[in-house]
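Working notes, beginning with the structure itself.
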Amino acid sequence: QVQLVESGGGLVQAGGSLRLSCVASGRLFSINTMGWYRQAPGKQRALVAAITRGSSTNYVDSVKGRFTISRDNAKNTVYLQMNSLKPDDTAVYYCHAEISRTAWSTYNDYWGQGTQVTVSS
C-alpha cells in the first residue's frame, strides 16, 4: 500500500511560520505532481500549491509570496514553507500526490490524512 504521511502542523500566531512535510511510502514506482490542499470549516477543499516532478510550481493567489512549495524526489517528500501566516490560513492541510505503483500502471490520486494549521490573531 502507498501512504502519504504529513507532519508539521500546529498553532502559530499571525505573522509566524510553519513548515509542512509529506512523505510518500510503500510500494510505488513513480510520483508525478505533488501538492497541498486545505479545507477550512464550512468550505470545500481547495488547492494551495502544487509542484511537478520537474519542479514547476503553481500557487493560489492568496498565498503567493508567502508560501513556498518544494520537493525532494530522492526522498519522495514534498514540503510547504508557510511564512507571514494569517488567520485566514487556518485549515486542515492535505498532501496530495499522483503516484504510479508499477512501471505499467497509470497514475492515481493519493491523499494524506491531513494536518491542522491554526493561526491566531
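A few points about this structure:
- Candidate set from the range 27-39 (those that are under 18 Å from the mean Cα position of the chain (by Cα) and either without any contact (Cβ under 8 Å) to a residue 24 or more places away in the chain or open to solvent by 30 Å² or more (accessible area, probe 1.4 Å) (or both)); member that is farthest from Asp109 (Cα to Cα): Gln39
- Restricting attention to the range 90-121 and to residues that are open to solvent by 40 Å² or more (accessible area, probe 1.4 Å) and not in a strand (DSSP E or B), the residue that is farthest from Ile69 (Cα to Cα) turns out to be Trp104.
- Within the range 70-89, being open to solvent by 50 Å² or more (accessible area, probe 1.4 Å) and of a type in the set (S, T, N, Q) holds for Asn73, Gln81, Asn83, Ser84.
Each row is one residue, and each column tells you yes or no for (1) more than 14 Å from Trp111 (Cβ to Cβ); (2) of a type outside the set (S, T, N, Q).
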residue: Gln3; (1), (2): no, no
residue: Ser7; (1), (2): yes, no
residue: Gly10; (1), (2): yes, yes
residue: Gly15; (1), (2): yes, yes
residue: Ala24; (1), (2): no, yes
residue: Pro41; (1), (2): yes, yes
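- Unmet criterion (only one of (1) closer than 14 Å to Val92 by Cα; (2) more than 15 Å from the chain's Cα centre (by Cα)) for Glu6: (2)
- Any chance Ala49 is in contact with a Ser or Thr (Cβ under 8 Å, 6 or more places away or on another chain), in contact (Cβ under 8 Å) with a residue 40 or more places away in the chain, open to solvent by less than 50 Å² (accessible area, probe 1.4 Å) and among the hydrophobic types (A, V, I, L, M, F, W, C): no
The values are calculated or read from the model by the stated rules, or taken from the named source; none is laboratory data. Please read all numbers here as calculations on a predicted model, not as lab measurements. Every residue, glycine as well, gets a Cβ built from its backbone with ideal geometry; the counts of neighbours run over all protein chains shown. Ligands, DNA and RNA are excluded from the accessible area calculation, which covers all protein heavy atoms including side chains. Shrake-Rupley method; radii C 1.70, N 1.55, O 1.52, S 1.80 Å.
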